[in-house]
1. Arrange A:MET500, B:MET310 by Cβ neighbour counts within 10 Å, fewest through most, would you?
2. Got a sec to turn the phi values of the stretch A:273-279 into Karplus ³J(HN,Hα) couplings, 6.51 cos²θ - 1.76 cosθ + 1.60 with θ = phi - 60°, whole Hz, x for Gly and Pro?
3. Under 8 Å for C-alpha pairs, at least 6 residues apart: give me the relative contact order for the stretch A:316-416, rounded to a whole percent.
4. Quickly rank B:18-31, B:124-137, A:459-472 as a protection proxy: mean count of other C-beta atoms within 10 Å, highest first.
5. If each residue's Cβ is checked for other Cβ atoms within 10 Å, how do B:TRP274, B:TRP338 rank with the fewest at the top?
6. Which value, in Å³ per residue, describes the convex hull spanned by the Cα atoms of the stretch A:1-130?
7. With Kirkwood's inverse mean 1/r over C-alpha pairs for Rh, give me the Rg to Rh ratio of chain A, two decimals please.
8. Cβ under 14 Å from A:ASP268's Cβ, A:ASP268 left aside: what net charge do those residues give with Lys, Arg +1 and Asp, Glu -1?
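Derivation of every value follows stated rules applied to the coordinates shown; laboratory data play no part. Nothing here was measured: the structure is a model prediction, and the numbers come from that model. Using ideal geometry, Cβ is built from the backbone for each residue, glycine included, and neighbour counts are taken over all protein chains shown.
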Amino acid sequence: MDNILEAKNILKVYENGVIANRGVSVSVEENTIHAIVGENGAGKTTLMKIIFGIEQAQEGEIFFKGSRVSIRSPNDAIQLGIGMVHQHLMLAPDLTVAENMVLGNEPRRARIFLDTDRAGEITRQVSEEYGLQAPPDKKIKDLPIGVRQRVEILKALFRNAALLILDEPTSVLTPQETEVLFKTLRNLKNQGKTIIFISHKLNEVKQIADRVTIMRDARVIDTRGVEELTEHDIAHLMVGRDISFERIPASANLGAPLLSVRNLSYVDDEAILVLNKFSFDVRAGEILGLAGVVGNGQTELVRILAGLLQPSEGEITLRGETLIGLSPRKIREKGLCHIPEDRMEDGVAEETTLEENFILDRYYKQGFSKGIRLLWKDISRHSAELIAKFNILAPSGKTLVSSLSGGNIQKVVVARELSSDPDMIIAAQPTRGIDVGSEEMVHRLLREARDRGRAVFLVSADLDEILKLSTRVIVIYNGEIVAHFQDMSKVRAEDLGPYMLGVQREEAVSGKVPA
Amino acid sequence: MEKFLLKYFTLIRVIIAIAIGIVISVFLIFLISREPGFSLRSFLLGPLLTRSRFAHVFETASPIIFCGLAIAVAFQAKQFNIGAEGSLYIGAAVATAFAVSTNMPAFIHIPLVLLVGGLTGAAWSFIPGILKAKWKASELVSSLMLNYVAYFLGLYLINFHFRDKEAGFLVSYQFPETAWLPRFIPDTRIHYGIILALVAAVLVYYFLYHTTTGYEIRSTGFNDRFARYGGINVFKVIILCQVILGFLAAVGGTTEIMGIHRRFVWQDSPGYGWSGIIVAIIGRNHPLLIIPASFFLSYMQVGGRVLNLMSDVPAEMITVIQSIIILLITAEAFLSQWKYRITLRQAEKGDAV
């Protein structure tokens, strides 16, 4: 079979000195699904950005359909027939599906006005040709994420993409939606398309891909047929050592409820009811998982618990004392810590040093300052301890956070939040977008906290994570609890999906406190 | 060598920007002056040629240092308050009112006048602070507008209530001698304001980098969501840094009238607040770098004045040169290719990051 795409000896060094690709060579055979896997910071997204013209390589060559090409912008890539579906979808939420489809390529009436009918027609045509359903007249913001992704794929197909790049497409999808996507991808392959599929979920790679390229440390380790490798083999190649995959049994020593939430409601600025009479308990010694599709009220719930947002109604207590109306600092001082879902927005100040990030919640406490004076020597010593203990890859505490990889930045956040050994841990998307090694470490730390009798509230869009760690699970849909699973031994990912999508709900759950 | 270049890249860039600015100004002078050699000498060496001009550099530098520090404190918290000029003006005006209507021994009069000036500026700057913290009103807009209000208020106060009708100019009464900031170098007007400015720079440096409140200010500036998430009272920081700004700027203005003029003489706003923004940018908001930046700017301004007096080149030249330098310093991309190539070579050697 011919190679549709060949990248040879790609070298890419970012301005801050980070080498993202070091002599990377990859060949993608025509009409295959080619997976690229690797830890975060391994260089896979950078490689894709170079192929799609978003970044420029310093050295190396790219061959497309046999001839050497120079791709200086996404426009060049699209002209050649390369399409990309980004991790964060690039659609205009206020425009309709049809308008998004033709954006930048609009059919016109009288040369000026957008020909809406023609746009709808184009959308229906492309939909039909590839068997991908999308309602042309609906606005993007009213569609579920799985359909939005489909629109992005359609958009690339409309521009005659022969090669489709999907950057971690399943990270935002439920298992059911993932199934639909995979069906779509197989269909596209049958119609002669080639697909590059970036992921760090190994079971998906096994399921969908024909060939797999494994990257580690800015280099390509190997490219093989998927059938030659087991999940363990791939993981081993990715990380360079063995990783455990077993579900960890829950500890039995459950204590009293530590955090209690009762009838919590939140109405946002646009008068939308984001949380509706939410009630649950988290007990000492357990990990309570909150499963749900992103955007169903989890973000607001976590911010309310941490004191960053005021609820409209309801009560939150920690060890029986109310948290409502307290400042974030008071709440922290009562023993609640918070790993935020967006580490770059909330978790770190990236243009400053590790040291200054570590002391955020403790700079005013004894051991870090005396009166108004900061004790920098003690702070440096403390930072060095955290760097060593949490295995953070950084030359020193004086390093800028922005020069670290995603996984290491998350370790900085986790190190700060967990090192004070708080009683109540709120962990929101604690391993989103980080590598397997870092993920394993975060999971171990959460389990250890649980075993020490701490309470953990785990909010995650990653069902594998929820299933692997949780003692109990509640499911959120549209701001309400729609299911509660007590016995995790029998629960599979597929069981949670219908609840997450709102097609099913436990009648008994609403109004009752799952405890 | 290359490692050294990387480490001090920002500083090197500033120096190169200044050098280019000077080269362009030399070029411009050759273009417009009929006696370019003489003009150039006036501009570049003028401040060094007489004792009083050289002293001028120090005299002008001290309010600029104060205003640069003021701006730096607010900019470090990413509060783009540009009201140093207004705080300086109203602070100096109220300090004047206080100085000419009280009588006490110097050792208490001097600090009190300074304090009255500073507190007036702080109170003035509290307005954009509270507007921002409470109602998210852009401090850039409100502080800019308040500059005009401060100017006319100050002017009203001096011209209608404290004007010295015997003076023959629109100026206030002269300060009693107990409120004079002493001069300490004979035959010059260099006064203790410069010492206060240098002390203030060290104090502000210590405050920003070695105290808990300084940490709160800088963290808020780096990422205000991060600060709030970690429990820092961002509301307090937003107000506090602007109050400090007003205080420092007003003290700077007050030292100037106490040390140089000994009465309020500004019928036009003196512009130190704007120079403060320039030196804060050149000094990258670092209190200790603001000192050399202020001396540099002061030297250029004195050179510009000499140029204006002695030659056929207009003083506006100096504004052009300032603009070029600021432009080059603030343009992030300037010389970034060069830095990038060094980074690349270092990375290939394998010892980067």
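1. Working: A:MET500 24, B:MET310 15.
Placing the least packed residue first, the sequence is B:MET310, A:MET500.
2. In residue order, the calculated couplings are 6, 8, 10, 10, 6, 7, 9 Hz.
3. Values: 95 pairs, mean separation 30.5, N = 101.
The value is 30 percent.
4. Working: B:18-31: 15.7, B:124-137: 19.9, A:459-472: 21.6.
Packing order, densest peptide first, comes out as A:459-472, B:124-137, B:18-31.
5. On the way: B:TRP274 17, B:TRP338 14.
Sorted ascending by nearby Cβ count, the order is B:TRP338, B:TRP274.
6. On the way: hull volume 20.5 nm³, N = 130.
It is 158 Å³ per residue.
7. Values: Rg = 24.3 Å, Rh = 24.7 Å.
Result for chain A is an Rg/Rh of 0.98.
8. On the way: positive: A:ARG303; negative: A:ASP269, A:GLU270, A:GLU300, A:GLU313.
Summing Lys and Arg as +1 and Asp and Glu as -1 gives -3.
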